[in-house]
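The values are calculated or read from the model by the stated rules, or taken from the named source; none is laboratory data. For clarity, every value in this text was computed on a predicted model and none was experimentally measured. Glycine gets a Cβ as well: all are built from the backbone with ideal geometry, and neighbour counts include every protein chain shown. With ligands, DNA and RNA removed, areas are computed over all heavy atoms of the protein, side chains included. Shrake-Rupley method; radii C 1.70, N 1.55, O 1.52, S 1.80 Å.
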Amino acid sequence: MRKQIWAWLLTTSVLAGLLIMCSSPIYDFLAVTTCRVEAEIVVVEGWVPDYVVKAAAEEFSRGGYRCIVTSGLESETGQVTGLHNSVAIEAALLLQQSGIDRSRILICPTPPTNWNKTAKSARAVRDILSAQGVIPKNINIVTIGVHARRTWLAYQHAFGPGTQIGIIQIPEHNLDPARWWASGLGIKRVTKGY
């Protein structure tokens, strides 16, 4: 009898949790909508799909920025990400193909890691800007979908209270934010991130 009660309580709790998660605006919470700030620097995460990098190029062109920064992991030894050893380099090449002058692109590769990739990329951007004597008051970051809140928080933590961080979230193709829970991709993005 006791096992049945515990099984019933566990099942009810799990179902209630799923109901709350599916009916709550968790996707909207994670996929922070555009919170742009007046900035001279815009950052694009290099691992995002090409259409997000192209959206960053458009943002750069119309936003009056001084430079655009690409961030992203270097590949580990023996791993190939394409023709280059870093997604930051690949994003920079795509920006150039989109018409951005190479002299206005700053590439910030991040050493390989399996943990806290976004936070390490944010610190790499901070460190490379600092090494060039740039301590920005404001930065905008371009990223995708539910990764937006994680990115926003990682950059706020890396740069500290002296720098205001804006986030520009580009919606993910092939995913309906209103029905994220109805697809395997939506469940994966919300529960595991990218």
For segment 132-194, what value does the Rg/Rh ratio take when both radii are computed over Cα atoms and Rh is the Kirkwood radius, given to two decimals? 1.11
So the FRET efficiency between E58 and L15, C-beta based with R0 = 35 Å and rounded to 0.05, is 0.20
Using only Cα atoms, locate the centre of segment 44-58 and the centre of segment 90-131, then give the distance between them in Å, rounded to an integer. 12 Å
Could you order H157, H173 by accessible surface area, starting with the largest, using a probe radius of 1.4 Å? H157, H173
Set K54/K188; K120/K192; K3/K192; K137/K188 screened for pairs whose C-alpha atoms are more than 29 Å apart: K3/K192; K137/K188
Ellipsoid semi-axes in whole angstrom, largest first, where each is sqrt(5λ) of the Cα gyration tensor of segment 105-160: 18, 14, 10
Once the whole set of protein chains is in place, how much accessible area is left on R104, using a 1.4 Å probe, in Å² to the nearest 10? 90 Å²
Per principal axis, descending, Cα span of segment 61-170 in whole Å: 39, 33, 31
Give me the accessible area per residue for segment 65-164, probe 1.4 Å, as a whole number in Å². 50 Å²
